[in-house]
Amino acid sequence: MWDLLIRRARLATMQPGAPGAAAVEPGPSALAVEGGRIAWIGGDQAVPAGVGTPLELDAEGRLLTPGLVDCHTHLVHAGGRAAEWEARLGGATYQELAAQGGGILSTVRATREAAGGAGGVDRLVSESRPRLEALLATGVTTVEVKSGYGLDEPTELAMLAAARRLGRLLPVSVQATFLGAHAVPPEFAGRPDAYLDLLVNLLSAAAAAGAVAVDGYCEAGAFTAAQLDQLFAAATREGLRVKLHAGQFTDQGGAELVARHHGLSADHLEHLSPAGVAALAAAGAVAVLLPGASLTLRDPARPPVAALRAAGVPMAVATDCNPGTSPLTSLTAAMSLACSLYGLTPAEALAGATRVGAKALGLADRGQLTVGRRADLCLWRAEGAADLCQSIGAPPLAARLVEGRLVHA
Ligand code: DI6
Ligand code: FE
């Protein structure tokens, strides 16, 4: 007995090469759920007689996709940075503002203050919850959440605890990433190697607090590839998967660093050499594209999409939701920007927010509609990927299901 049968849908299975993957060719139209997993997929006429179901949903020809996966966010933090954005509109640069104590360190101050004392995790949760709710309303069923605005043990662990609690409060699967190597905190100014020692010692506590991956900021003024090499080697021994902010402003060899550590993904990549593209391709790592940051920073640099495509590097699309460079709480808007700014096709953007987003998190149990995978599903008031990706404002979401449960309709 199935728990739910969806009929008369237009399935975008997102299986590479399968009919319906680009949501344009005629493909299967019915899907059944049992025990939170996809139990059967086929044509409306092929639904086996005799398998009962208490719940049947008529999709009326709408597009059915895997639930969206936002594989790169910093949504847990306190405070905002609108004044910095305004200063940049007036001609200041991100680097100038950071050198004056703004940038990441200004959010670190706000987050440490919110997280300190009794009820700190609660305060982080209530500051961050509206951002997560907004993301969910755009069809997100799995979200990655990074730490990295604490940069000390208590605040980093409080951020990870807040991420975990949000995953219990709201119908979404949360994957936490430890980003202690986001910036050198003021108390370690001029002593980055001493701070890296602290991070290495923190890895097991971060894993115990729920982190499943480690990330770093490989950038001029942040961390070098050589420094992150040590951290990633220790993180791998701790069982954490590797992800990296690479090539946002300058190419520091981040893609090659990810490849050396068999990492899941290199993210940003506005500055990436042909050797970096080849390294990602050889390692099977994902390129995570974050067009919200290009838009907000008004940065004309673009990831080398044509070269990544030609080399067969899978491209994910994510929001990078953060208060400084990408205050974006809509994954469908990020998909739209990936097409308009970076030149992805709508089918690539949809794959980037489903199958490839899941790959960027090392999650093989979601991101495609196949029997046995999680029944994380979105039903859209749309006919295909182009309809879905063209919209920038209110997403055309008709229903969202997490493990087969209707959580948004
Ligand atoms: N992601 C990041 O982590 C940095 N830039 C980006 O796109 C810094 C974010 C920040 O300024 O807080
Ligand atoms: Fe980021």
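The values are calculated or read from the model by the stated rules, or taken from the named source; none is laboratory data. These figures come from a predicted structure and were not determined experimentally. Quick reminder, even Gly has a Cβ in these numbers, built from the backbone with ideal geometry, and neighbours come from all protein chains shown.
Condition check: within 16 Å of ligand 1 (Cβ to nearest atom), at pLDDT 95 or above and aliphatic (A, V, I, L, M). Does Ala222 satisfy that?
Values: within 16 Å of ligand 1 (Cβ to nearest atom): yes; at pLDDT 95 or above: yes; aliphatic (A, V, I, L, M): yes.
Yes; evaluated as a whole, the condition is true for this residue.
Just give me the residues in segment 241-263 being charged (D, E, K, R) and either under 18 Å from Val305 (Cα atoms) or under 18 Å from the mean Cα position of the chain (by Cα) (or both), in sequence order. Before the answer, list the steps.
First, the residues of segment 241-263 that are charged (D, E, K, R): 241, 243, 251, 256, 260.
Listed by number, the residues that qualify are Arg241, Lys243, Asp251, Glu256.
Within segment 362-375, track down each residue that is buried (at least 23 other Cβ atoms within 10 Å of the Cβ) and either more than 18 Å from Pro16 (Cα to Cα) or hydroxyl-bearing (Ser, Thr, Tyr) (or both).
Ala375
Does segment 140-158 contain any residue that is within 16 Å of ligand 2 (Cβ to nearest atom), touching a Pro at 6+ places or on another chain (Cβ under 8 Å), among the basic types (Lys, Arg) and not in a helix (DSSP H, G or I)?
Of all residues in segment 140-158, those within 16 Å of ligand 2 (Cβ to nearest atom) come to 143-151, 156.
With touching a Pro at 6+ places or on another chain (Cβ under 8 Å) added as a condition, the list becomes 151.
Adding the requirement that they be among the basic types (Lys, Arg) leaves none.
No, there is no match, as no residue in segment 140-158 is within 16 Å of ligand 2 (Cβ to nearest atom), touching a Pro at 6+ places or on another chain (Cβ under 8 Å), among the basic types (Lys, Arg) and not in a helix (DSSP H, G or I).
Restricting attention to segment 279-335, report how many residues are aliphatic (A, V, I, L, M), in contact with a strand residue (DSSP E or B) (Cβ under 7 Å, 6 or more places away or on another chain), within 12 Å of ligand 2 (Cβ to nearest atom) and part of a loop (DSSP other than H, G, I, E, B).
The qualifying residues number 2.
Restricting attention to segment 291-305, which residues are of a type in the set (A, V, I, L, M), within 13 Å of ligand 1 (Cβ to nearest atom) and free of Cβ contacts under 8 Å to residues at least 60 places away in the same chain? Break it down into steps so the answer makes sense when it comes.
First, pick out the residues of segment 291-305 that are of a type in the set (A, V, I, L, M): 293, 295, 297, 301, 305.
In the following step, the residues that additionally are within 13 Å of ligand 1 (Cβ to nearest atom) were identified as 293, 295, 297, 301.
Ala293, Leu295, Ala301 - these are the residues of segment 291-305 that are of a type in the set (A, V, I, L, M), within 13 Å of ligand 1 (Cβ to nearest atom) and free of Cβ contacts under 8 Å to residues at least 60 places away in the same chain.
Can you spot a residue in segment 161-178 that is at pLDDT 95 or above, touching a Phe, Trp or Tyr at 6+ places or on another chain (Cβ under 7 Å), of a type in the set (A, V, I, L, M, F, W, C) and in a loop (DSSP other than H, G, I, E, B)? Please lay out each step first, then the result.
As a first pass, look at segment 161-178 and keep what is at pLDDT 95 or above: 161-178.
Going one step further and asking which of them are touching a Phe, Trp or Tyr at 6+ places or on another chain (Cβ under 7 Å), we end up with none.
No, the conditions are met nowhere in segment 161-178.
Could you say which residue among Ala12, Ala39 is under 28 Å from Ser265 (Cα atoms), among the hydrophobic types (A, V, I, L, M, F, W, C) and either more than 15 Å from ligand 1 (Cβ to nearest atom) or exposed (fewer than 13 other Cβ atoms within 10 Å of the Cβ) (or both)?
Details: Ala39 fails: under 28 Å from Ser265 (Cα atoms).
Checking each option against the conditions leaves just Ala12.
One residue is enough: does segment 194-205 have a residue meeting the conditions touching a strand residue (DSSP E or B) at 6+ places or on another chain (Cβ under 9 Å), in contact (Cβ under 8 Å) with a residue 40 or more places away in the chain and within 16 Å of ligand 2 (Cβ to nearest atom)?
Looking for residues that are touching a strand residue (DSSP E or B) at 6+ places or on another chain (Cβ under 9 Å), in contact (Cβ under 8 Å) with a residue 40 or more places away in the chain and within 16 Å of ligand 2 (Cβ to nearest atom), one finds none in segment 194-205, hence no.
Filter segment 373-406 for residues that are on the phi > 0 side of the Ramachandran plot and charged (D, E, K, R) and give the result.
Listed by number, the list holds a single entry, Glu403.
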